[in-house]
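Some notes on the structure that comes next.
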Amino acid sequence: MLYPQRNKNRHFIDLSGFWEFRFDPDDKGVGENWTKGLNNGCPIAVPASWNDQFADDRDFLGPAWYQLKFTIPWEWDSKKIIIRFGSVNYLSDVWLNGEVVGHHEGGHLPFEYEISDKIESEDNLLVVRVDGRLSDDHVPPRGRPMNNPQTNFDFYPFCGIHRPVLLYAIPKEGLRDITVRTSIKDTTGILDVKIETIGLNDAYVNLALKGFSSEITNTSIIQQNIQKMTLEVKQAKFWNTETPNLYDLTVDIVKKDAIIDSYSLKVGIRTIEVKGDKLLLNRKPVYLTGFGRHEDFPITGRGYVPAIIIKDYSLMKWIGANSFRTSHYPYSEQMMDLADRLGFLVINEIPAVGLTFKKDVIDRQLELCDQFIEELIKRDKNHPSVIMWSLANEPHSSLKSGEFFRKLYDKTKVLDNTRPITVVNMMGVKEKAFEFCDVLCINRYYGWYMQPGNIEEACEILSKEMDKLYEKHRKPIILSEFGTDTIPGWHSQPPEMFSEEYQTEFIKKYIKVCRSKPYVVGEHVWNMCDFKTSQGITRMGSMNYKGVFTRDRRPKMAAHLLRKLWNEKD
Ligand code: GCB
């Protein structure tokens, strides 16, 4: 899937801004033809969650309606025109000029529709119905009534149009997709490039790879809709966390000596693999330091805000993190682009959090997970920063989950056999998915939910459990979550739960355990920042306070400890 781009043959318009909006608590919009236009709407910012934009109705999860009027530039007349939604949580239905355009399920991945035959040159009316209500057969699923909203996961179910809506124009005949895979032979970098085109005769593809004072090209006549080409870079500058070297790959489609379509891509040459108990980046062991995170901020909710992305990367650099997991759903495309550019390693997770495997929903949930991993790989396959696919976070694993994950794992390997796959677990040695997953990710909270207040005992249990897991599976382990709720400014000596001292002590001792095990290849603290969640008796002010930074990105005491530990070179 090619992200819209501007060049001589391609163009896009970002529809971000103030749209018209209306809640539909009686679900009467379709019956009353709101599809043809809303009356009595109010202004709303897009992209952003709707929940915190108004004084009331924060917990209303849908349905709700959005509307925007727009005009397209006249030069687009001969082009294929597509509307693209970066992410809408959770169900969405789209109409253009009163006509049905499409329906999408899933809250965190892009979808798009061709609208060339529906669009007018002036005065277009775009209407979107969004439904974020929770349900057992959604992914992620609804939970028990102990939370309000009733989530089966620990983050607020923000709703709305969360990422930019782009309108873009591309040539009717031209490029449709590019897949780049890189490998390394001694000092040579090899790029295998797959180019998908549509409707082209008598045309050829020009590849040009530029960077570090070199330019390598390759040309091929287009014979079918898929072209496979190779580029070899001698004395290549490889991509890694310290020097995230990126080359510029340009793909031109040339017909009768004219470039009729073109696309440019940043490419990092690197390999990632599991060997024995190690994770290897460019054939050298790599150790992950960093966080599980959330896309979460006051007022904008889960909405895309470029300045927060910059701030978060800056804080991650400051603290010495080299990686993060996109807990518990895919993050924005811009986040992934910057991970490439700034040299972060990403465990990329689909929104499969809190799966229950209940008989009446298991088949639907597998279909959705299949859809999500396919959409995610299509979107993110070319990012050097993506080093692993995570198929789920803390599934409520049962006898049936082994088969469920086996199918999902096999499908993922068919789509991409170049990256390791994990399932993030909370159940110890019983997790069936660990038998075939490449890396074992475990979330552990001994000394918090269990053994409260007793960090020493917690660490003994953690240490024994890790050894047992390793003995059984002989695979690298990442401690993908560990942490304690911590009220900023709350202090105690001796360290007591909820104090900054307790969080600091807990993190220090857990890291010591990780570092004592040769098979542990990463430590991800939960969480980078405090974040909003559903109301419940364990979540004061409906907040999860396990952040090392506050929700507005101020460091707690533990941040300074981590900065020291993660910047020490051993
Ligand atoms: C977990 C979950 C995460 C929660 C965290 C907690 O294991 O994966 O979503 O927020 O625990 O704080 O309880």
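The values are calculated or read from the model by the stated rules, or taken from the named source; none is laboratory data. This one's a predicted model, so the numbers in the text were calculated from it and none came from an experiment. In this analysis, Cβ positions are derived from the backbone assuming ideal geometry, glycine residues included, and neighbour counts consider all displayed protein chains. SASA here: full protein model, heavy atoms, side chains in, ligands and nucleic acids out. Shrake-Rupley method; radii C 1.70, N 1.55, O 1.52, S 1.80 Å.
Quick notes
- Region 11-170, relative contact order in percent, only Cα pairs under 8 angstrom and at least six apart counted: 33
- Low-density loop positions, trypsin sites (Lys or Arg not before Pro), region 330-416 - DSSP coil, at most 10 other Cβ in 10 Å: LYS359
- Residue list for region 531-570, given a label point 7 angstrom along the Cα-to-Cβ vector of GLN493 and an amide N cut-off under 14 Å: none
- Computed log₁₀ I(q)/I(0) - Debye formula, equal Cα scatterers, no solvent, region 127-283, q 0.14 Å⁻¹: -0.86
- Of all DSSP-defined beta bridges confined to the chain, some 75% are antiparallel rather than parallel.
- Rel. contact order, % - alpha carbon contacts under 8 angstrom, at least six apart, the chain: 12
- Kyte-Doolittle mean at least 0.5, axial Cα span of 15 Å or more - DSSP H helices of the chain: 306-319
- Helix-only arithmetic for the chain: the sum of -39500 (n - 2.57) across DSSP H runs with n ≥ 4, divided by the residue total, places the mean residue ellipticity at 222 nm at -6000 deg cm²/dmol.
- Extension gain, LEU342 to ASP360: 0.36 nm times the residue separation minus the Cα-Cα distance gives 2.1 nm.
- As computed over region 174-267, the Cα convex hull volume per residue (Å³): 89
- Contact order for region 83-146, expressed relative to its length and based on alpha carbon pairs under 8 Å spaced 6+ residues apart, stands at 36 percent.
- Carbon/sulfur fraction of accessible area - the chain, other protein chains in place, 1.4 Å, %: 51
- The base-10 log of I(q)/I(0) for region 11-170, evaluated at q = 0.09, 0.13, 0.20, 0.21 Å⁻¹, reads -0.30, -0.60, -1.31, -1.42 [Debye formula, identical scatterers on Cα atoms, solvent excluded].
- Cα-Cα pairs of region 289-566 separated by more than 30 Å (percent): 27
- Per DSSP, loop GluC sites (Glu not before Pro) in region 80-188 with at most 13 further Cβ within 10 Å: GLU120, GLU122
- Inverse mean reciprocal Cα-Cα distance (Kirkwood Rh) of the chain, Å: 25.0
- The residues of the chain present an accessible area of 41 Å² per residue when probed at 1.4 Å with all protein chains retained.
- Based on the reciprocal of the average 1/r between different C-alpha atoms, the Kirkwood radius for region 413-484 equals 13.1 Å.
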